[in-house]
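Written out below as structure tokens is the structure these notes cover.
The values are calculated or read from the model by the stated rules, or taken from the named source; none is laboratory data. Keep in mind it's a predicted model, so treat the numbers as computed, not measured. Virtual Cβ from ideal backbone geometry, glycine too; neighbours counted across all protein chains shown. Just the protein is used for accessible areas: all its heavy atoms, side chains included, with ligands, DNA and RNA removed. Shrake-Rupley method; radii C 1.70, N 1.55, O 1.52, S 1.80 Å.
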Amino acid sequence: IEIYSLRVDCKVTSRFAHTVITSKIVNRANESREATFEVELPKTAFISNFSMSIDGKMYPGIIKEKASAQQQYDAAVSQGQSAGLVKITGRKLEQFQVSVSVAAGSKVTFELTYEELLKRQLGKYELLLKVRPKQLVQHFQIDVHIFEPQGIRFLETDSTFLTNELTEALTKVQNETKAHILFKPTVDQQKNPDVGETLLDGDFIVRYDVERDATAGDIQIVNGYFVHYFAPHEMPVLPKNVVFVIDRSGSMAGRKIEQTREALLKILQDLRAEDHFSFITFNSKVSEWRSSPLEATAENVASAAAFVQTLSASGGTDIHLALLRAVDMLRRAEELPERSVSMIILLTDGQPTSGETKVEVIQENIRKAIGGKFALFCLGFGFDVSYKFLEKMALSNGGLARRIYENADAALQLQGFYQEVATPILMQIEMHYPENAIEGLTKSNFKLLFEGSEIVVSGKISNELDLLPVEIKAQSHTSDLTLKEEANVKEKEQVFQNQSYIFGNFIERLWAYLTIQQLLEKSISAPAAQQKALETRALELSLQYSFVTPLTSLVVTKPSEQPQAELANKPTEAG
């Protein structure tokens, strides 16, 4: 079985990435063989199309509601054979895999399309392409086109497998608003000279950021849909009051507590002088390092570092009491700066085993105690945690959950997370648009905005507007801000009219992608009564825009003499 052509075509238009992977395979044997198409794609992406063409005959994938697809599938296949086609393969990736039997001398073409909105983190967007053909390929190429009407501020490519020879196969052309990256290695360049196998195995990454001049962000409009990007720069940082709640139960013993100590020592160094901080550690007992958050003076940081060095692990896990204590500490604190951001960062590697152990009760009690006043971030260390429990708790309290993988770099993962939330620049951000003129507005109120990230709001302009006025209200370290901007609808539409390579309705698809993601996220922390309605709406949109989301399945059809249809479902971090 030979892959004679493998192409990755990626168009990124105003952060929305549309990637098509096409693999052409021929069976050079004189009997039928199995051809496998294997692609790794970002977890944040939605598959939107898949097809197979065998000797010129097309077998399209069909996107259906997950429950009904599963029923049909179970009826067609005897139980036990229903291997999913998509599985999580790492921190950022999931793998899609399909196999089909190919007759001697026959050819098959596989084509997979997926889409995602690139998210700004620590000042840049990252397009991640995984490259792993497992053999030398006659015609191999990665072709990336980027168009950012705001202007490209910087652009870099990075790869885990590029040798000097392979670098020669990489070309970058860029002007003010466009970039084209082409990676087209010959068979000789792909070859590892020592073993004759392919060198192409790993990540191919494009990172960039855009120019920003308008104070109230940037608005783009295509076919009646708008997207509004807001990421103010050179804003003073809000002081933060952070309570670290650290699990030191028995299961944290050894490597995990060591890595936690290492990360906390680095984080202590990164605290700003105007920040306040404290630690609560817990097993079946809860202990406070100090009874209220202290200012991050050199002296206090040094004393905290000495405390962190002594952390050891044994005993049970009373998450409930530890979090209640943290909330209480922030509520009682008196000397905190007037305009400041209070947050709790929980790190745990297990289930609650001491004190209150019912997750629903814990979630409800913590939500009531926090009462919308502080943000709660939950870091789950390893795979023994109930990620679902942590995710719901974080999302119910204005924060987010993140899994920390038990690898050599766990301390770096913890620091990396801290860096993302270390510099809040705005709070209580409200994005206002003319009420009677916008439909289907995505989330437009945000508790916090961190330096290096970005707020994205999208919607449909319902009537014939000439001007789209926007108003942003927010609190900064120094004042209450009101920012205003007006977008000329006709002018904005024009920006994309003369760009031939843009997929026409991309802002509408971006709007659908963002809406589905937000509905799914909202349903995690919503009461059961609302959950159903949120999921129903997300399902409607997933089917309308043909996205494989946790609510839909891609049904892969095959030639009739082969085992019947297979299903591709989207896995979630919570499993």
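Rounded to the nearest 0.05, what FRET efficiency do Met58 and Glu435 give with R0 = 56 Å and r taken as the Cβ-Cβ distance? Could you check?
Values: r = 46 Å, r/R0 = 0.82.
Given R0 = 56 Å and the Cβ-Cβ separation, E is 0.75.
Relative to the present Cα-Cα distance, how much length would full extension add between Glu573 and Leu122 at 0.36 nm per residue of separation? Before the final figure, lay out the partial values.
Working: separation 451, 0.36 × 451 = 162.36 nm, distance 2.23 nm.
That pair, Glu573 and Leu122, stretches by 160.1 nm at full extension.
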Taking Cα atoms, how many degrees apart are the long axis of helix 359-370 and the longest axis of the chain, rounded to 10 and kept between 0 and 90? 60 degrees
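Relative contact order of the chain, please, whole-number percent, based on alpha carbon pairs below 8 angstrom and at least 6 residues apart.
Working: 1259 pairs, mean separation 96.9, N = 575.
It comes to 17 percent, rounded to a whole number.
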Once you put a point 7 Å from the Cα of Ile1 and another 7 Å from the Cα of Glu420, both along the Cβ direction, what distance in nm separates them? 3.6 nm
Compute the long axis of helix 506-525 from its Cα atoms, compare it with the longest principal axis of the Cα atoms of the chain, and write down the angle in degrees, 0 to 90, nearest 10. 50 degrees
How big is the dipole moment of the chain about its Cα centre under a simple scheme where the beta carbon of each Lys and Arg is +1, that of each Asp and Glu is -1, and everything else is neutral? Debye, nearest 20, please. 1020 debye
Placing +1 on each Lys and Arg Cβ and -1 on each Asp and Glu Cβ in the chain, then taking the dipole about the Cα centre, the residue among Val245, Phe16, Ile524 whose Cα reaches farthest towards the positive end is Ile524
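For a Förster distance of 35 Å, can you work out the FRET efficiency between the beta-carbons of Lys43 and Asn505, rounded to the nearest 0.05?
On the way: r = 24 Å, r/R0 = 0.70.
It comes to 0.90.
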With a 1.4 angstrom probe the carbon and sulfur portion of accessible area for segment 240-422, in percent, totals 47 percent
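Write out the GluC sites (Glu not before Pro) in segment 340-418 meeting two conditions: DSSP loop, and at most 16 other Cβ atoms within 10 Å of their Cβ.
Working: sites: Glu356, Glu360, Glu364, Glu391, Glu406; in loops: Glu356, Glu406.
In loop regions of segment 340-418 (DSSP not H, G, I, E or B), the sparsely surrounded GluC sites (Glu not before Pro) are Glu356, Glu406.
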Roughly how many nanometres apart are two label points built 7 Å out from the Cα toward the Cβ at Lys532 and Lys388? 1.9 nm
Between the alpha carbon centres of segment 510-528 and segment 355-394 the gap in Å comes to 19 Å
Going by a ≥ b ≥ c, the root eigenvalues of the Cα gyration tensor, does segment 260-401 fall in the rounded group (a/c under 1.5), the prolate group (a/b larger than b/c) or the oblate group? oblate
Using DSSP to call loops (not H, G, I, E or B), can you name the GluC sites (Glu not before Pro) in segment 15-114 whose Cβ has at most 16 other Cβ atoms within 10 angstrom? Glu31
Please work out how much length the chain gains when fully extended from Leu336 to Ala29, using 0.36 nm per residue of separation minus the C-alpha to C-alpha distance, in nm with one decimal. 103.1 nm
Work through the residues other than Phe307 whose Cβ is under 14 Å from its Cβ and net out their charges, Lys, Arg +1 and Asp, Glu -1. +1
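Can you give the FRET efficiency for Gln135 and Leu265, using 1/(1 + (r/R0)^6), R0 = 41 Å, r = Cβ-Cβ distance, to the nearest 0.05?
0.35
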Hand me the chymotrypsin sites (Phe, Trp or Tyr not before Pro) from segment 502-550 located in a DSSP loop with no more than 13 other Cβ atoms within 10 Å, in residue order please. Phe503
Set Lys87/Lys532; Lys11/Lys64; Lys490/Lys522; Lys92/Lys256 screened for pairs whose C-alpha atoms are more than 23 Å apart: Lys87/Lys532; Lys11/Lys64; Lys490/Lys522
Val495 to Asp194: extension gain in nm, 0.36 nm per residue of separation minus the Cα-Cα distance? 103.3 nm
Any idea which of Gln259, Leu182, Ala169 is furthest toward the positive side of the dipole for the chain, if Lys and Arg beta-carbons carry +1 and Asp and Glu beta-carbons -1? Gln259
Residue (of Ala487, Asn445, Leu514) at the positive-pole extreme of segment 412-515, dipole from beta-carbon charges: Leu514
Kindly express, to the nearest 10 degrees and within the range 0 to 90, the angle between helix 528-544's C-alpha long axis and the longest C-alpha principal axis of the chain. 30 degrees
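Would you calculate, for the chain, the mean residue ellipticity at 222 nm contributed by helices, counting each DSSP H stretch of 4 or more residues as -39,500 (n - 2.57) and dividing by all residues, to the nearest 500?
Values: 12 runs with 140 residues, N = 575.
-7500 deg cm²/dmol, from helical runs alone.
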Two pseudo-spin positions, 7 Å from Cα along C-beta at Thr215 and at Lys184, lie apart in nanometres by 4.8 nm
Looking at the square roots a ≥ b ≥ c of the eigenvalues of the Cα gyration tensor of segment 1-103, which shape do they give, rounded for a/c under 1.5, prolate if a/b is larger than b/c, or oblate? oblate
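Averaged per residue, what accessible surface does the chain expose to a 1.4 Å probe, in Å²? Working shown, then result.
Details: 25110 Å² over 575 residues.
Dividing the accessible area of the chain by its residue count gives 44 Å².
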